[in-house]
Every structure is written in C-alpha cells, then in structure tokens.
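Just so it is clear, none of the values below were taken in a lab; they were calculated from the coordinates. Given the structure is predicted, the values throughout are model-derived calculations rather than measurements. FYI the Cβ positions are ideal-geometry reconstructions off the backbone, even for glycines, and counts take in every protein chain you see.
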Amino acid sequence: IADLIKNSDVKNKEKYSTEALNEAVKFNYIYGIAEAQTNLGSILTDSEKYSKGMKYLKSAYKIFSNLGHEQQIGKVFHFMGKNYDYRGEIDSAILFYKKSLEIREKYNEQLNSAQLHTNLGFQLWSLGRFMDALNYFQKGLKIREQNKNDELIANSNNAIGSTYFKLGNFSKAMEYIKKSMLYREKSNDSLGKVISWNNIGAIYQKLGFYENAERYFKLSNDWADKTKYKFGKAYSLYNFGLLNLDKNKLKKSFYYFNESFLIAKTMYSQNIRTMILNYQGLIYEKNKDFSRAEDYYRRGLSIAQKSKDRFSESVLYQSLSRIFLAQNQFDKAKEILDKGHKFAEENKVIELLKDNYEIYSKIYSHKHDKLKSLEYYKLFTEAKDELLYNSGDNLSNVLLKFEISRTESEKQLLKKQKQIIEKEKNYEKSFSAFILIVLSLVIILGIILFFQYAYRLKAAKIIEMQKKNFEILNAKLNDQNAQLSEMNRQKDKLFSLIAHDLKSPFQALLGHSEMLSSEIDSMNVEHIKESSNSINESGKKIFNLIHTLLDWARQQLGKIEFKPTDFEIHELLDDAVSLYQNILQAKHIKLSKNYTDKTSVYADKEMIKSVARNILSNAIKFSPSGGEIEIETKLASSEDEVIVSIKDSGEGMEAELVSKIFRVDFIDSKPGTNKETGTGLGLNLCKEFVEKNSGIIFAESKLGSGSKFSFTLPLAEK
C-alpha cells in the first residue's frame, strides 16, 4: 500500500511503511523488515528528517548484505545517495549514486538507471562540471525515450536545456526546454511546468525580449502560488530580480532577490542562495558602494566553497575582481580573477570566459601592457561573437518554421474543405441512387429522372472544377513555400556577409582607439600619427560599407527620391576618383582617363555618384599593387546616350559568374587583392540605380584579363 501511495502524500506513505515494519518485526520476517526500513529511509529523507532516514537505510543495508540480496542493496544505495544529495553533501551523493547505478544496470533496471544518470548529472552540474553533467543527462534521456515515460522525458529535456543555458548556447537551451514543456503539458506535470516556464523566460531575458520573459515569469510565479511549490516560488522571484536588474530597476530588483532568499534559506539547495548574494552585491557595485558589494560577494563565495559549487565560486571571483579593478587595485584584481578563470576554461563556459577576457584586457591596459590588453580584447570579442551566434543562429529558422506552419495550416484547411466536398459528392451519389430506384418503379417520373441526372452531372463538373482550383492553389502554396525558403537562405547569407565584413574594421578601430586612449601619454608623435591613420582608414572602410548598406536598404524600402537633373558626367567621375586617391597611391595603381568631349547627362546625380563609387571601388579592390585602371566615356551609336566604362587589371571572372553577377537573387562577397572586404550588395544596387535612370549596366571579363564594367545614361537635351 505504501508503494502505491503518491510520493507527494508523505504522511500516509510514512504511516503504512511504519505499520509494515511493525508487522514484519512481529512475525520476525527479516526480508520484510529490511524492505520496510528501506522505504522509511526514503520517505524520511523526503520529509527532511535526514539522520533518522539514514539510520533506517544503514540497518536495511546490513540485513540485505547478510541475506546476499544485491539487487535490494542497489536500491538502498540509491536512497543513501538521495539522502546525501538533499543534505548538500555532493561527494558522498555521487559515490552512492555510482554504486547504485552499477548494480541497477547489472539487473537491467532501466528506469532506475535513467534516474541515477539524471541524479549524477545534477550533482556534477552543482560542481560546475557542465560537460560531464550533459553526458549523464543525455544517457538518462535516451533510456527514458525508449521507455516512453512523458513526465521523465520532460525532466531530462529540461535538465539538458538548463545545462546548455549555463554553457551559453541559448538556441540549444530553447530547443530542449520547449521539448520539455510539450511533454509536461502532455503529462499534466504542474510542478514541472513552473520550472520550464521560468527557464523559457530566462532565455527570452538573455536575448533581450523582456516582455516575453516577464510574461513567463508571471505565469510560473502564479502557478507556484497555486500549487504551493516552494522552490518554484523562490526561482520565479529570483528571475524577477534578474529581469529588473537588466532593466536597471535596482530597488525593485533588490526587493525580489530578498524575497527569494527568505524562501531559499529554508531549502537544502545552496546554488540559488549564492547567486542571489552575487546579484545583490552587483546592485551595490552599480551604486559605487564597493565595501558592501565586497561583503555580499564574500558571503556568497563562502557558501559556494562549502557546497563545492565551482560555477558560482568562479562567478563570485569574477565579481570581486571587478570591484578591485574599479578601485585601481590591478594586481589584486588579476590575482582574484585567476582563481576562477581556470574553471571557466576547463568547462568552456563561454559567458564566464567573455567577461573574464574583458576584465583581463582592462587590467593589462591600466598596467600599460598593450599587447596583452589587445590579446585579451580579441579573445573577448571572439567569445562575444560566439555567444551572439549561439543566441541568434536559429532565429531565422524559428521565423521560417512559423511561416511554414502557417502555410501547413492553410493546406490542412483546404484538405478539410476537399473532404467536405467529397462527402457532399458521396451524399449526392447516394441520394441520386435512391431517386433512380424510385423512378425505376414509377415510369411517370422519368422526366424528373432526366433533370436529376443533369443536375448531378453539373454538380460533378463544379466539384471537379473546384478540385482543380484547389490543386492549383496547393501548387501555388508549395511554390511560395519554396520561394520563402530561398529568400530566407539569401537573407541568412546576406547577414552572414554583413557581420563578417563589418567585424574586421570594427575590431581594428576598437583596438587602435583603446590603445591610443590608454597609452597616449607614453606614445611619441609618430606613433600617435600612425594609430590615428589606422583609425581613420578603419573608419573610412566602415563608412563605405554602411553607406552601401543604407543605399540598398533605402532602395528596398522605396525611400530614395528620384530627382533627375542635368550635370557633367566627367566632373562626377573626377570627384569619385579624388575620393579614392589615397587608396590608389597606397596600392601604386596607375589611373588613366579617356573622356569624350564635355558631356552633360540627364539623371539622378546622387544615384549615379553611388554607381561610380561602387564600380571604381571594386576596380581598385581587385587590381593588384602596381596595376592599371582606365575610365572611358564615349557616345553611343544612337548619339542620345553616353557609355561610361571602368576597366581594371585584376584576375577577371569566369563566364558563369559574369552572367549572374547583377541578379537580385545572387549575393556574393570576395576579398580584394589586399584582403579588402565588401557587402556583396554593390553591383545589385548599381543595376537598380542605372535602370532607374533609363540606362543599362553590363560587364565584360575573362579569367586573367581583368574586368570592364559599363553603364549608359541619357544625354541632356541640347
């Protein structure tokens, strides 16, 4: 009876287990005594009566050892591990969980083995060994999926998602936590849903979607109140504290952390308490009260060290280092940071590493070690990029899945409509058959039979026509779905190119400017001039890239006004050349001009400026050092338009690339001869601008012979 009672009904489980023990003692049933003691040990552990529970478990172990019941010993070890686990004695918990797992796997107890894999994962998770924890969680999930237990599958998915969250891989975290949510809704796991809602909210918060995060935290908080789930309540309040901290509402944040801490004090879990103290310290740090901040950080560190929570310990070392840095105690800041950094490196905790690298960079900058500072700044930007990739790589996929889901819903609607029509058709057939039987008996109704047949024929044609229409509509939906997938692929490629090509000049700009800012007092004039030139060149590259992107975006949105005027094309070309004079000199490129007589054209001057700059920039980009560029203008044979050509001495292009270089669905970006970058949008933009001005643009190129880009413009009226 005790075994059949739900675990949540601790009072009745303890009552029946005690009665079972008394009966076993009464009849001197040794095996029954040990079994009842095992159950009581587990129940008392759940009731937080740890010492009394362990006493029963040790007694049961002795009896089963004497009886030689190895399988029952595995069960006792499992509950001993749970007892140490709930007390926060992690090393002992791991030891007994592993002993139990060895025995339970030997007897092929799959569900118990899965539970032990999960328990071991949580112990390693508490120690900050996230990759080892992930391995155990995944083994547990595999077994549970084979046994098709929805509630347990949900727990494993949630554990894996939480581990990926700690590792900074938010896309993977969301994937597993959403799976967990689906299984918990399916199995109506009320307490589990509180945890999943909190975890989904935490991911939204990390991605900056605060309204979504708040909605999930409120849902979990209300449900925790309804179910009287103590840990769920503490976790929800803790997340409200984090959310308000991110929104810089410091008083409100401190209040929520305090409320969460009051509940957490009554629980065995240490992790949430250490992190609350860390964030309360951060609030004092933000208010420049470094003394109180240090007090909170050290209180949290003490708890983390006692519970062997190395992740929280590393976070708190980082926080202490940060306040020493703020007080210009650079050696102390580095010494403290070193203590926690080893853990972050060993376990590849990207978010911790990112913040550590930034602090190291600042420490070395203040200590005037510019090479070390730049080295750590580069590691910081790489870690930051990896976090952005992990948080953003599936965003476009989520949007695409939403669109596909909506399309699939429309298809299902059409399918249902077709089924209704088929039912109507079958009904018509049955009804017609009935009429035919009646009419066969009554000849006088032959005329009615004729009209009924005609009506049925007409209905069949209408249904057939509707069927064809639905097939056409379905084909169109499939085409739109394919187009959507292709557009999404091109968009992902475009964003990837933009991110890649903006990254290098921004890194150079930030690196040189930070060095200049921190080292200017110790630098000579020549060094300052050299750094300033580097900043200037990086700025120009960023400006040109962003200018092209803005032109393209405005063109896509129809925000560029079309204002054609008369102007001299040669003056515009000369202005474009002067813009790139420094780069031409730096690459020792010889530029020659072969202009026809002074020529006035009728076009939008700003659009043509952008065209000339883009084509000339590409010519410089792909011409080798010491190469040649020729700009030529000539009248077309019709004498009502001018042809502008820019020829470079680069390596040229294959015919296949020439044929699709101006296509709207083709986006490509190749580095120049000096590794110059671009967005891949320039020629697409040029084509739109030239055609807007009643011209055409075309390219001529062969591999090894350079490339020649030409466009036409209408002459101004004489």
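Straight-line cross-link partners of K172 among the aspartates and glutamates, defined as a Cα under 13 Å from its Cα and at least 8 positions apart when in the same chain: D393. Put simply, the amide H of D604, placed in the peptide plane, has neighbours under 5 Å in T565, leaving out anything fewer than 5 places away on its chain.
Sorting the segments 592-601, 212-221 by their residues' average number of neighbouring beta-carbon atoms within 10 angstrom, most packed first, yields 212-221, 592-601.
On a 27 Å Cα-Cα criterion, which of the cross-link pairs K55/K75; K58/K139; K529/K593; K15/K142 come out too long?
Checking Cα-Cα distances, K58/K139; K529/K593; K15/K142 exceed 27 Å.
Among the listed pairs K11/K49; K362/K384; K265/K339; K193/K265, those with a Cα-Cα distance over 20 Å are K265/K339; K193/K265. With Cα atoms as the point set, the range 561-714 shows a radius of gyration and Dmax of 14.8, 41 Å. Need one word for the range 23-129: rounded, prolate or oblate. Basis is the Cα gyration tensor (sqrt eigenvalues a ≥ b ≥ c); a/c below 1.5 gives rounded, then a/b vs b/c decides. Oblate. For the peptides 195-201, 319-325, 29-35, the ranking by packing is 195-201, 319-325, 29-35, with the highest mean count of neighbouring Cβ atoms within 10 Å listed first.
Which of the residue pairs K252/K332; K233/K308; K178/K660 have a Cα-Cα distance greater than 30 Å in the structure shown? Each step should come with its number before you reach the end.
Numbers: K252/K332 32 Å; K233/K308 25 Å; K178/K660 42 Å.
Going by Cα-Cα distance, K252/K332; K178/K660 fall outside the 30 Å limit.
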